[in-house]
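The values are calculated or read from the model by the stated rules, or taken from the named source; none is laboratory data. Just so you know, these numbers come straight off a predicted model, no measurement behind them. So basically every Cβ, Gly included, is an ideal-geometry build from the backbone, and we count neighbours across all protein chains shown.
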Amino acid sequence: MSVRTFPPLDLAVPDRREWIVSRVLERRSQTDGDRPFLELLDQPALTYAEVDRRVNALAHGFRALGVTRGDRALVMLPNSIEFLLVWWALNRLGAVEVPINHAYKGYFLEHVVNNSGARVIVIASDLVERLQASEARLPELETAVVHGGDDRLPGFARLRAIPFTELDTGRDDPPGVELSHRDLLAIMYTSGTTGPSKGVMMPNAHCHLFAELTANLTRLTQDDVYFVATPLYHGNAPMMQVYPAMLRGGRAVVCPRFSASEWADQIRRSGATVTNLLGVMMEFVFRQPERPGDRDHRLRVALGQPAPAAIVEDFKRRFGIPRVLEYYGMTEIGIVTMMPWDDVRPGSCGVAVSEWFDLEIVDPETDEPRAPGEVGELLVRPKAPWLFNQGYWRMPDTTLEALRNVWYHTGDGLTRDADGYFSFVDRMRDVIRRRAVNISSYDVERVVADHEDVAECAAVAVPSGLPGGEDEIKLCLVLRAGATLDPEPFLAWCEDRMPYFAVPRYLEVLPALPRTPNDKVQKYRLRETGVAAAWDRVKAGYQLAEERKKAETRRRQRTQRG
């Protein structure tokens, strides 16, 4: 029996030298300028021509700030039209977008800003206080472009602040910078395993192939509407939703933030035909009470990573969605397996995209191939240049480790059956995935180590009980002599210094951390002990501020629905 692979792609842009995001936008504005392209949910759509003009105006504004080819510029905005306009405007100059999770604060924020070496940040006005709190520890940052807040500028000790409106020069002529598919389009920070978060260097061609693959997987056309509810600071939303819509001349509707309770209504209002669901999003939507309008929409396909086998068929029936398709991908490698349209197998993430990638399942210790059906680490390498990450920004040792033996090591355990279908089994590295967000255990530990009562600590992933391999965070603590742990004040301290999704659920105090003879913490032993002896903030009824806010939002929505 032959091993199945994904069929050759139908490329919207056949010439790889033209795989440049802002150039694709420019061509689309010339051929389909009057077609609606980009809109914020429930707001009027911008046409391709209008988007292109606004991108040129912003590009000239960034140039006036001194942003040039190769410069990094940070973007810390919520899901918005402006986020995407800034991304494309920077690309027009050959500059590199560095998106930041807008929940970041303290060390999490400072690491990304300092590691990137960016001199300019575009930041939402309601996030400025975090920048002010860290300003003294951001030596290379020079300028904050503040979006929102009625152009009222915050005070900084050293940074220059300008309103976002000042970037809009009104010039609609292209800035005239020569661009290449080899140029970096973005540096996206993804979770570290034994160190801090790593900046993935993503060339234009790498990001473009993301979009071409998604367009083929979903069979996208210019009549499609892509509903975008995942964060724009992740690779999924810009590369796998907005960019594919642009490639095919379709429309992208950006939702400010994902809401499980409002998802079905938003899909209907947007007119969406395609959308993506990451992590536990599908499970959260499925848990909502059934409503008469659940099937009242135009959605024809949803991508899931994962699409939980236990609920996917019931999910399709309940919401009347003809197809839910799974795939496997990462920021570093793009999409390397996709589900064939005519043979969907629940629980699998599809077959290899062998036209563009080599894939191997290997022993994680030796890199020797594993037999079909055996669990091993997935290794990937591209078949053409510039279709892959170019390593981790300012982290050469980490880059060499990930790309050893001329393969990218995903750190994920998969199997491949005799027919060529891959299935995700588990992660093989010390990384925590909670609510579809990858969290560096190192970053959590780095913050907690500053607490006056903590001698040492280790953060590990423990099962959440939700499908799709989601985790919760268990924090193991060794306290200083004479100290005791009062969980609620401790968590409040953590919440002030880290994003809400990184605040541990479980706290366990130990006399010492288990270690190897070489003095490395044996985190597998901390995972194996589970949570039986740990304090659980959920069982204790402790709510984070973000959780309280979400609960209040849900209460208001229920009240409004009557």
Look at segment 194-211 and say how many of its residues are of a type outside the set (Gly, Ala, Ser), out of contact with any His (no Cβ under 6 Å at 6 or more places or on another chain) and part of a loop (DSSP other than H, G, I, E, B). 1
Got a sec? Which of Gly271, Gly250, Gly235 is assigned by TED's automatic domain parsing to the domain that holds Val24, surrounded by fewer than 19 Cβ atoms within 10 Å (Cβ to Cβ) and not basic (Lys, Arg)? Gly271
In segment 203-229, what residues are over 23 Å from Phe6 (Cα atoms), crowded, with 24+ Cβ neighbours inside 10 Å and among the β-branched types (Val, Ile, Thr)? Val228
Listed by range, helices (runs of 4 or more DSSP H) wholly within segment 2-97 having at least 2 residues that are at pLDDT below 95 and either under 30 Å from Phe422 (Cα atoms) or not hydroxyl-bearing (Ser, Thr, Tyr) (or both) are none
Within segment 253-268, of all residues that are touching a helix residue (DSSP H, G or I) at 6+ places or on another chain (Cβ under 9 Å) and in a helix (DSSP H, G or I), the one surrounded by the most Cβ atoms within 10 Å (Cβ to Cβ) is Ile267
Going through segment 274-310 one residue at a time, which ones are buried (at least 19 other Cβ atoms within 10 Å of the Cβ), assigned to a loop (DSSP other than H, G, I, E, B) and of a type in the set (A, V, I, L, M, F, W, C)? Val280, Leu299, Ala307
Restricting segment 341-400 to residues that are of a type in the set (Val, Ile, Thr) and more than 30 Å from Ser116 (Cα to Cα), the one surrounded by the fewest Cβ atoms within 10 Å (Cβ to Cβ) turns out to be Thr366
What is the residue count in segment 436-466 for residues that are without any contact (Cβ under 8 Å) to a residue 60 or more places away in the chain and of a type in the set (Val, Ile, Thr)? 2
How many of the residues in segment 485-497 are in contact with a Lys or Arg (Cβ under 7 Å, 6 or more places away or on another chain) and within 20 Å of Lys550 (Cβ to Cβ)? 1
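Results for (1) without any contact (Cβ under 8 Å) to a residue 24 or more places away in the chain; (2) among the charged types (D, E, K, R); (3) closer than 24 Å to Arg435 by Cβ, shown as yes or no for each residue.
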| position | (1), (2), (3) |
| --- | --- |
| Phe490 | no, no, yes |
| Leu507 | no, no, yes |
| Thr529 | yes, no, yes |
| Asp536 | no, yes, yes |
| Glu552 | yes, yes, yes |
Just to verify a result, which residue in segment 394-408, among those that are in contact (Cβ under 8 Å) with a residue 40 or more places away in the chain and more than 24 Å from Ala237 (Cα to Cα), is farthest from the chain's Cα centre (by Cα)? Trp407
Qualifying strands (runs of 3 or more DSSP E) (wholly inside segment 110-171; at least 3 residues being surrounded by 15 or more Cβ atoms within 10 Å (Cβ to Cβ), in contact (Cβ under 8 Å) with a residue 60 or more places away in the chain and assigned by TED's automatic domain parsing to the domain that holds His60): 143-147
Residue satisfying condition, being β-branched (Val, Ile, Thr), in a loop (DSSP other than H, G, I, E, B) and in contact (Cβ under 8 Å) with a residue 40 or more places away in the chain, within set Thr221, Thr230, Thr214: Thr230
Return the residue satisfying two criteria in turn: it lies in segment 319-336 and is under 18 Å from the mean Cα position of the chain (by Cα) and farther than 16 Å from Leu278 by Cβ, and of such residues it is surrounded by the fewest Cβ atoms within 10 Å (Cβ to Cβ). Ile333
Residue that is modelled with the highest pLDDT, among those in segment 439-461 that are surrounded by fewer than 21 Cβ atoms within 10 Å (Cβ to Cβ) and part of a strand (DSSP E or B): Val454
Restricting segment 22-44 to residues that are polar (S, T, N, Q) and crowded, with 17+ Cβ neighbours inside 10 Å, the residue that is farthest from Pro203 (Cα to Cα): Ser29
When segment 363-393 is checked residue by residue, the ones that are more than 19 Å from Phe210 (Cβ to Cβ), without any contact (Cβ under 8 Å) to a residue 40 or more places away in the chain and assigned to a strand (DSSP E or B) are Pro369, Gly376, Leu379
